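Student: The structure that follows is given in the form of structure tokens.
Rule-based calculations on the coordinates, nothing more; no lab input. Quantities reported herein were computed from a predicted structural model and do not represent experimental measurements. All Cβ positions, glycine included, derive from the backbone under ideal geometry; neighbour counts span all protein chains shown.
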Amino acid sequence: MKILVTGGLGYIGSHVTTLLLDKDFEVLCLDNLENSSESVLDGINKITGKSPIFENIDIRDKSSLRILLDEHVDIKGVIHFAAYKAVEESHKIPLDYYQNNVVGLLNLLELISTKRIPLIFSSSCTVYGQAKKLPIKESTPYQPPTSPYGYTKQVGEQIIKHTCKAYPNFSAISLRYFNPIGAHPTSKIGENPRGVPQNLVPFLTQTVMGKHSVLKVFGSNYNTPDGTCIRDYIHVMDLAQAHIDSLDFLISNEKSIYETFNVGTGSGVSVLELIKTFEKVTGEEVPFEYNEPRTGDTEAAFADIKKIEKKIGWKSKYSLEEALKNAWEWEKNQ
Ligand code: NAD
Ligand code: UD1
């Protein structure tokens, strides 16, 4: 069975591609390589002994996308990762973010919605903004997001929901990722951030590697047990498996559906706890200092995962220790 993976050579897409190939799906990877490289294909091949079909196409280019879908009439599902994802950057170039994340999605939907090809969409816990109640359930209403990036995810979800309503044979799932971290346990693929990483774990591993002098912990006076922010860190392999299970659910479901699911561990971890856990599992010391809170940061966010457990049968398996160990091994392997 052939699956189209947009952004398939990126961080999450490459991990999903390995699991799809392991499960004997035929994978068509589309990527414009803006935030990845063809060398990821080698890593995928070393892990699985197989290769996806690769096409260097931009999802904003609708005519190329149409030609691709006409060539591959046997696509049975689409997993859509191709997008921009840097929160900070989205404040500086909002139009690029709306163009890529929203227009790119529209292009894809126009071509697949009438063909009954189900879709899995990469959404984010950012759609909740600062939720008033924890853990965060899928039914929690949207709060205004703190960035243009966050708006693209809210808008994306709404566009997909309305499309499912209008085309009764079209089904989709939006997966709201909490904080993906870690790398493939073989260290053959992982996260390759462009420039200086803004996210905690890649910045931390690079700091321990000596690329930065110190990790700044943003805020120490939050209303949390140790004063630092709390997040739900999910191993990228667990996150990848959630896509496989969601795909099975979509393909086996006769009825048209639109669902949103949180993908997290269900546990909150503070920045300080994460640093201490990293030090424990790697034996390395993390040079860090407390800093002012980062604008737009939410104090605490972790997922209620009952819905995905009940409906899809997915639950995370990897521990925070394994995720941090794999992130460190990947960093050392660079
Ligand atoms: P990534 O940047 O590593 O992967 C995205 C891939 O898409 C890259 O390989 C990039 O080259 C490609 N791409 C970007 N624009 C494209 C275009 N116009 N045409 C074709 N290819 C294009 O990002 P990721 O971390 O793997 O994230 C994947 C998805 O998950 C994104 O939609 C992101 O918003 C979402 N998400 C990520 C996180 C996270 O923390 N990583 C959290 C929540 C949601
Ligand atoms: C952000 C986005 C989320 C996006 C994710 C991955 C928001 C509200 N959240 O999550 O949508 O999917 O990035 O791109 O926009 N921290 C430090 N020092 C650092 C870096 C981070 O202390 O150098 C802290 C932050 O304050 C936060 C935690 O670490 O408490 C995690 O930060 P980060 O990895 O950037 O992810 P989020 O901000 O949670």
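Student: Compute the distance from the alpha-carbon center of the stretch 1-41 to that of the stretch 228-248, in whole Å.
Tutor: 17
Student: Another one. Could you give the distance between the Cα centres of the stretch 174-197 and the stretch 98-139, to the whole Å?
Tutor: Here the answer is 19 Å between Cα centres.
Student: Of all trypsin sites (Lys or Arg not before Pro) in the stretch 102-163, which ones are in loop regions per DSSP and have a Cβ with at most 12 other Cβ atoms within 10 Å?
Tutor: The qualifying sites are LYS132, LYS133.
Student: Something else: Report ³J(HN,Hα) in whole Hz for each residue of the stretch 121-127, in order, from the Karplus equation J = 6.51 cos²θ - 1.76 cosθ + 1.60 where θ = phi - 60°; Gly and Pro get x.
Tutor: Residue by residue, the stretch 121-127 yields 10, 7, 9, 8, 5, 4, 5 Hz.
Student: Another one. Compute the long axis of helix 11-22 from its Cα atoms, compare it with the longest principal axis of the Cα atoms of the chain, and write down the angle in degrees, 0 to 90, nearest 10.
Tutor: 60
Student: A further question on this structure: Taking H placed 1.01 Å from N in the peptide plane, check which residues at least 5 places from TYR177 or on another chain put their amide H under 5 Å from its amide H.
Tutor: Under 5 Å from the amide H of TYR177: SER123, SER124, CYS125, VAL263.
Student: Below 8 Å, C-alpha to C-alpha, sequence gap of six or more: please give me the relative contact order for the chain in percent.
Tutor: It comes to 19 percent, rounded to a whole number.
Student: With only Lys, Arg, Asp and Glu charged, each at its Cβ (+1 for the first two, -1 for the last two), find how big the charge dipole of the stretch 118-247 is about the Cα centre; round to the nearest 20 debye.
Tutor: The dipole magnitude comes to about 260 debye.
Student: Please list, by residue number, every one of the trypsin sites (Lys or Arg not before Pro) in the stretch 232-284 that is coil in DSSP and has at most 11 other beta-carbon atoms within 10 Å.
Tutor: Those that pass, being in a loop and sparsely packed, are LYS255.
Student: Longest segment of the chain with no GluC sites (Glu not before Pro) in a DSSP loop having at most 10 other Cβ atoms within 10 Å?
Tutor: 1-253
Student: Could you grab the relative contact order for the stretch 163-253? Cα pairs under 8 Å, six or more apart, rounded to a whole percent.
Tutor: 34
Student: Further question on the same structure: How about LYS315: which aspartates and glutamates have a C-alpha closer than 18 Å to its C-alpha, ignoring those fewer than 8 places off in the same chain?
Tutor: Within the straight-line cut-off, LYS315 pairs with GLU138, ASP232, ASP238, ASP245, ASP248, GLU259, ASP304.
Student: Considering the dipole of the chain built from charges on the beta carbon (Lys and Arg +1, Asp and Glu -1) around the Cα centre, which of VAL281, PRO148, GLY210 is farthest to its positive end?
Tutor: Selected residue: PRO148.
Student: Before anything else, pin down the relative contact order of the stretch 72-182: Cα pairs under 8 Å, at least 6 apart, normalised by residue count, whole percent.
Tutor: Averaging sequence separation for qualifying contacts and normalising by length gives 35 percent for the stretch 72-182.
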